[in-house]
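A.B. asks: If you scroll down you'll find the structure; I have some questions about it.
The values are calculated or read from the model by the stated rules, or taken from the named source; none is laboratory data. Keep in mind that what you see is a predicted model, and the values were worked out from it rather than measured. As a convention, Cβ positions derive from the backbone with ideal geometry for all residues, glycine included, and neighbour counts pool all protein chains shown. With ligands, DNA and RNA removed, areas are computed over all heavy atoms of the protein, side chains included. Shrake-Rupley method; radii C 1.70, N 1.55, O 1.52, S 1.80 Å.
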Amino acid sequence: MMWGKDHWVGLVINLTCRQVEILDCNISHNESDNEVNKHMAYLLRALPHVLAAFSPPSDSSHPEEDQAFSWVRPDNIYFNERSDDCGPCAVKFLEMHAAGYSYEDMGQIDDKMVDIFRQKYAMDTYEEFIGNAKVQNDG
């Protein structure tokens, strides 16, 4: 999810717990709960309605009241002090979450690892949208 004009975070939506986990590599970019609430308000309000639209009918006529979502932002994951790494970090956090890694594992990432996976994502993107990433140098 893009916050503002320059900050990406990963979101893990837990339907069972009705909680959105915010995987943010730079918490100081949006430090206060009020700032986070501004970014999350629309999504947290919309989720119960989206679920209600695609779920079997229930007894409740007000899904927004009895099925509210909340957010949590773990603070023990990798913290990136450099700029322009929040997108690749958000993707890596989501990959790690999908593979069953813990927040502690996400906290083991360092700047050198970020450089490596950033480069890998760039090459993967190039191959996907442009073509073969191998450069021929006949000179």
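A.B. asks: So what does log10 I(q)/I(0) come out to for the chain at q = 0.11, 0.15, 0.16 Å⁻¹, using the Debye formula with one equal point on every Cα and no solvent?
C.D. replies: -0.52, -0.84, -0.91
A.B. asks: Another question about this same structure. Could you put K5, K112 in order of accessible surface area, largest first, with the 1.4 Å probe and the full protein assembly present?
C.D. replies: K5, K112
A.B. asks: Using +1 at the Cβ of each Lys and Arg and -1 at the Cβ of each Asp and Glu in the chain, identify which of V114, W8, N30 lies farthest towards the dipole's positive end.
C.D. replies: W8
A.B. asks: Sticking with this one: By the scheme Lys and Arg +1, Asp and Glu -1, what is the net charge of all other residues having a beta-carbon under 15 Å from that of G4?
C.D. replies: Every neighbour counted, the sum reads -3.
A.B. asks: Pop the C-beta distance of S28 and D124 into the FRET formula with R0 = 30 Å and round what comes out to the nearest 0.05.
C.D. replies: With a Förster radius of 30 Å, E is 0.55.
A.B. asks: Taking 7 Å along the Cα-to-C-beta vector as the label spot, tell me the M1-M113 distance in nanometres, rounded to one decimal.
C.D. replies: Taking the simple label geometry, M1 and M113 are separated by 2.5 nm.
A.B. asks: Would you please give the residues with an amide H less than 5 Å from that of W3, counting only those at least 5 places away or on a separate chain, with H modeled from the backbone geometry?
C.D. replies: Answer set, sorted by chain and number: W8, V9.
A.B. asks: Dipole size in debye (nearest 20) for the chain around its Cα centre, Lys and Arg Cβ +1, Asp and Glu Cβ -1?
C.D. replies: That gives the chain a dipole magnitude of about 240 debye.
A.B. asks: Residue-wise, which Karplus ³J(HN,Hα) couplings in Hz belong to region 25-40, taking 6.51 cos²θ - 1.76 cosθ + 1.60, θ = phi - 60°, and x for glycine or proline?
C.D. replies: For region 25-40, the Karplus curve yields 7, 9, 4, 5, 5, 9, 6, 7, 4, 4, 5, 5, 4, 4, 6, 9 Hz.
A.B. asks: Along region 4-15, what does the Karplus equation 6.51 cos²θ - 1.76 cosθ + 1.60 (θ = phi - 60°) give for ³J(HN,Hα), rounded to whole Hz, x for Gly and Pro?
C.D. replies: In residue order, the calculated couplings are x, 9, 8, 9, 9, 10, x, 10, 10, 9, 9, 5 Hz.
A.B. asks: Ignoring GluC sites (Glu not before Pro) that are buried or in helix or strand per DSSP, and keeping those with at most 16 other beta carbon atoms within 10 Å, what is the longest stretch of the chain between them?
C.D. replies: The answer is 82-139.
A.B. asks: Next question, about the same structure. Under a 5 Å amide H to amide H cut-off, with H placed in plane at 1.01 Å, what residues pair with W71 once short-range neighbours are removed?
C.D. replies: V20
A.B. asks: Using a 1.4 Å probe on the protein chains only, how many percent of the accessible area of the chain belongs to carbon and sulfur?
C.D. replies: Solvent-exposed carbon and sulfur of the chain make up 52 percent of the total.
A.B. asks: Right, here's the next one. Nearest 5 is fine: what % of DSSP beta bridges in the chain come out antiparallel, could you say?
C.D. replies: Of those bridges, close to 70 percent are antiparallel.
A.B. asks: Excluding S83 itself, calculate the net charge of residues whose Cβ lies under 15 Å from the Cβ of S83, where each Lys or Arg counts +1 and each Asp or Glu counts -1.
C.D. replies: The answer is -4.
A.B. asks: Given the options C17, C86, C25, state which has the largest fluctuation in a GNM of the chain using a 10 Å cut-off (strictly under) for Cα springs.
C.D. replies: With Cα springs under 10 Å in the chain, the top fluctuation among C17, C86, C25 is at C17.
A.B. asks: Which Cys in the chain stand alone, with every other cysteine's Cβ at 4.7 Å or more from theirs?
C.D. replies: C17, C86
A.B. asks: Determine the per residue accessible area of the chain with all protein chains present and a 1.4 angstrom probe, expressed in square angstrom.
C.D. replies: 68 Å²
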